[in-house]
Structure formats: structure tokens, C-alpha cells
Amino acid sequence: MGVVIITRRSPRDIPAAADAPDAATAPEVDTPEPGRLEDAFFDVAIDMLCLLGFDGYFKRLNPAWEKTLGFTREELMSRPFIEFVHPDDRERTLRQNAAVRAGGQALSFENRYLCKDGSFRWLRWNAAPDSARQGIYSVARDITESKQAAEEREQLVRQLQTALEEVRTLREILPICSYCRKIRDDENYWHTVESYISRHTGTRFSHGICPSCMAAHAEPPHDGD
């Protein structure tokens, strides 16, 4: 049989309301000012962030640009942005830039940018204008590896298609005996032309005789008078 023990607590053992944490007196979290918060995200972002002026020059770039392209940010901001775009992509890039400056947006726009070593990397962009600052806020992601993987897949498909066409061509070449005109099958057996074609197609044969064979084999020779 259990024993129940009842104890009484003295009022001095009970925490006073004044001793409880007060939200008003709790330490405040240091919230960065908007500008500082923007700077922090700008510096640690993995993607390439930028502010491009309406005049065609980069006004601000995050460190990811240097890591991806190899140019310093100062080098990238010293020349018009279009000079870093692949020549084959410049015309449509300028059209997209004009559309964004006019108030539109760029969504998943793709083009190639020059690297310091002379190579090009594929970038995918989202961009929106800021008319008050006469600039375009953009974020770009390096998709070079995924582009290369897609191209390798397409090349493999093309190679397989070519191989299949070659196989079909080889299957259309029938090995036939030069003397008896029999055809050899895939199992190395020889068949008459009629037998082989009947086995591999729905064709059936009816036999007759052509005029040349009639003259050479069927008609009896004429004795000269």
C-alpha cells in the first residue's frame, strides 16, 4: 500500500512575478539596417547578383562573378556588359535588355558570357527593372554543366540513331550465292530466293516462264530445211 506525502511550500519559495522573464526587458536581437542586410545577402549569395545601369554598365556585382568568370569586379564594371556576351548571343541579349528597361522582366533568359581564360559559360537570368535607380536588378545562375550534359545526351541519341540506320542498311544487304542464287540467312543456312522471301515477307510466288527462257529451254529446236 503506497504512502502519499503532502508538503507545503513557503511563499518565499514561489518565484515572484517580478522575477519572471519580461519581454520588455529581454535582450533584443540586433536587426541589421536594410542596407546592411542587402549587403550581407549580396556577398554570400552563390548565384551571380548584379545591378546593371540603363547605360549598359554594371554598377554592382557580388563575389560570385569573379569566381565564375575569372574577371575582377572592377574589370567587369569598366566595360559595357555587352562586350562580355558571346557574339552570337548579343542581338537577342540587347532585345531582352531593352524589353526589361521598358518595364518588362526576364525569366529564365539564357546566354553565354566570356571568361578571362577565353572560354564561355552559359548563364540563366531573371531580371527586373528599377526605374528610380535607372538600373536592372538581375540574378544569374551558371548552367554550363547542365547544358553540356544535355548536349552529350543529344549526341548519344544521334549516334544511336545512326547506328540503327546502319544496322537496317546491313539487314537490307542479302548474301546471295553467285552460282545457284541461294540466299544465306542469319543462322548461316542457305535458302532459295522463293523460300527466303516467303519466310520474311508476306509475298507468295506463282511460277511461269518468260519469253527468253521459253525460247531457250521449252521450245524444241527447228531443223533447217
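The values are calculated or read from the model by the stated rules, or taken from the named source; none is laboratory data. Keep in mind that this is a model prediction, so the values were computed, not measured. So basically every Cβ, Gly included, is an ideal-geometry build from the backbone, and we count neighbours across all protein chains shown.
Quick notes
- Test: residue 100 is of a type in the set (A, V, I, L, M), at pLDDT 95 or above and under 17 Å from residue 122 (Cβ atoms): no
- Selection of first residues in the range 133-152 that are at positive phi and among the aromatic types (Phe, Trp, Tyr) and of second residues that are in a helix (DSSP H, G or I) and loosely packed, with under 12 Cβ neighbours inside 10 Å, restricted to Cβ pairs under 9 Å at least 6 apart or on distinct chains, gives an empty result.
- Checking residue 79 against (1) over 19 Å from the mean Cα position of the chain (by Cα); (2) buried (at least 19 other Cβ atoms within 10 Å of the Cβ); (3) of a type in the set (Lys, Arg), the condition it does not meet: (2)
- Any hit, the range 113-122, residues being surrounded by 12 or more Cβ atoms within 10 Å (Cβ to Cβ), in contact with a helix residue (DSSP H, G or I) (Cβ under 6 Å, 6 or more places away or on another chain) and within 23 Å of residue 41 (Cα to Cα): no
- Residue pairs meeting the criteria (Cβ under 9 Å; at least 6 apart or on separate chains; first free of Cβ contacts under 8 Å to residues at least 12 places away in the same chain and assigned to a strand (DSSP E or B), in the range 182-200; second of a type outside the set (Asp, Glu) and loosely packed, with under 13 Cβ neighbours inside 10 Å): 184/174; 184/175; 184/177; 191/199
- Looking only at residues in the range 132-145 that are surrounded by fewer than 16 Cβ atoms within 10 Å (Cβ to Cβ) and within 14 Å of residue 56 (Cα to Cα), the one that is modelled with the lowest pLDDT is 133.
- Condition met for residue 44 (outside the structural domain of residue 106 (by TED's automatic domain parsing), out of contact with any Lys or Arg (no Cβ under 7 Å at 6 or more places or on another chain) and modelled with pLDDT under 95): no
- Failed item, numbered, when residue 106 is tested on (1) outside the structural domain of residue 41 (by TED's automatic domain parsing); (2) surrounded by 15 or more Cβ atoms within 10 Å (Cβ to Cβ); (3) not β-branched (Val, Ile, Thr): (1)
- Any hit, the range 78-86, residues being under 16 Å from residue 127 (Cα atoms), in contact (Cβ under 8 Å) with a residue 40 or more places away in the chain and either out of contact with any Lys or Arg (no Cβ under 7 Å at 6 or more places or on another chain) or not assigned by TED's automatic domain parsing to the domain that holds residue 115 (or both): no
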